[in-house]
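For reference, the structure is listed below as structure tokens.
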Amino acid sequence: MKKRITKSLKFNEFGEQLRAIAEIERPGGSIDTRLINSAAGASEGVMSDGGYLVQQDFASDLLKSVYEGGDLLSKVTNIPISTKSNSLKINLVDEVSREDGYRWGGVQVYWEKEAGKISESKPKFKQLTLTLGKLTGLCYATDELLEDVSALGSVIHAAFSDEFIFKLEDAILRGSGAGEPLGILNSDALAVVSKESGQTDIICVENLLKMLASCYDKYGRAEWYINGELRPYLYKLKIGDTPVYLPNNSIAGAPFGILLGKPVNFIEQASAPGDVGDILLADMKEYIITDKSNIKAQSSIHVRFIYDETAFKFVYRVDGMPKWNSTITPYKGSLVKSPFVALEARI
């Protein structure tokens, strides 16, 4: 059966485009030329392949919601790459120590009296390679929902924004680095502060003070990321008679208060209380996320045909890792430094 062709310039709503994707696959369904123009790669002109890109403004809005909505994602360094690339190489200074001869990876200068002949030195660089993995999602829309364009767009937008946020932030913390981002907790850049000798409390002031001392917070951007179940314990922590945790609506302006001068974020993805990663002090700008600035959407009416449902699949290409590949030895002192600091397991 010959398909009807609907001509228009642009979709007005996200749900309108999703309905058009479903319609184009139905026997006798109409062809919307706005989809033909956005067909992806080998799927161009082959409607049964169902390869379509979400309209740019909708895709941008979906990704904007992801990066603005997350406690971690809203603070990382995001570097989009072109649609023709699948990886990103970044050159950074390879600095593993602040001792003489190691700053900037090997730069050193001398007072004239220290050396008759000036020794040469130069910076040392490292290269980070980020290779895009796939974060995919699948949902089913009933024929009734497809009829309601506004409801379809808002429900799917909200659901997949939230799920992309959750999975990406979980990977930022504990990703393996194989086909997904390398998580902070699995990175050699993580500094783990030891618990106190004989410590019986799940958390104490000394833990937090040592974490502050170990945090390489050059730009003052570090924040706390904590499992919410630790919140009751924070209220009990004091230095003398002074509380160290100032919850919101006191003198603190951060969303969940201030802990030893740093903003607090309670996040679901933090480790269970007592495990490494249940409380993290981190400068998330020192974590890089690279992605393609679009989301590929595909559909099929066949997967759930007998249920009168259309399947929609979304594919987001993304990778991430810390800028640091190790902790740093301080110029003076014994605590290693890092923009990512966790507390040793206490159970």
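Using 0.36 nm per residue and subtracting the Cα-Cα separation, the extra length available between Asp241 and Ser197 on full extension is 13.5 nm. Restricting the calculation to Cα atoms, the stretch 118-242 shows an Rg/Rh of 1.14 when the hydrodynamic-style radius is the Kirkwood one.
Our coupling estimate for the stretch 104-110, obtained by passing each phi through the Karplus curve with A = 6.51, B = -1.76, C = 1.60 and θ = phi - 60°, is 6, x, x, 7, 8, 10, 9 Hz, Gly and Pro reported as x.
Here the relative contact order of the stretch 87-129, from alpha carbon pairs under 8 Å that lie six or more residues apart, stands at 51 percent. In order along the stretch 341-347, phi translates into HN-Hα couplings of 10, 10, 10, 4, 4, 10, 10 Hz, rounded to whole numbers, per the Karplus curve 6.51 cos²θ - 1.76 cosθ + 1.60 with θ = phi - 60° and x for Gly and Pro.
Once the Cα-Cα distance is subtracted from the 0.36 nm per residue extended length, the Ile118 to Tyr331 segment shows a gain of 74.5 nm. Loop-resident chymotrypsin sites (Phe, Trp or Tyr not before Pro) (DSSP state other than H, G, I, E or B) in the stretch 311-347 with no more than 14 further Cβ atoms inside 10 Å of their Cβ: Tyr331. Rounded to 0.05, the FRET efficiency of the Thr142 and Arg231 pair, given R0 = 51 Å and the Cβ-Cβ distance, is 0.80.
Using 0.36 nm per residue, how much length does the chain from Tyr110 to Arg221 gain when fully extended, once their Cα-Cα distance is taken away?
Values: separation 111, 0.36 × 111 = 39.96 nm, distance 3.22 nm.
Full-extension gain reported as 36.7 nm.
Candidates Val107, Ser121, Ser87 compared by Cα position along the dipole of the stretch 87-129: farthest toward the positive end lies Ser87, with charges placed on Cβ.
The modelled label-to-label distance between Glu268 and Asp188, using points 7 Å beyond Cα along the C-beta direction, is 3.4 nm. Size descriptors for the stretch 87-129: radius of gyration and Dmax over Cα atoms are 13.6, 49 Å.
FYI, it's all coordinate maths here, none of it is from the lab. Being a predicted model, the structure only gives us computed values, none of them experimental. Cβ atoms come from the backbone with ideal geometry, glycine included; neighbour counts cover every protein chain shown.
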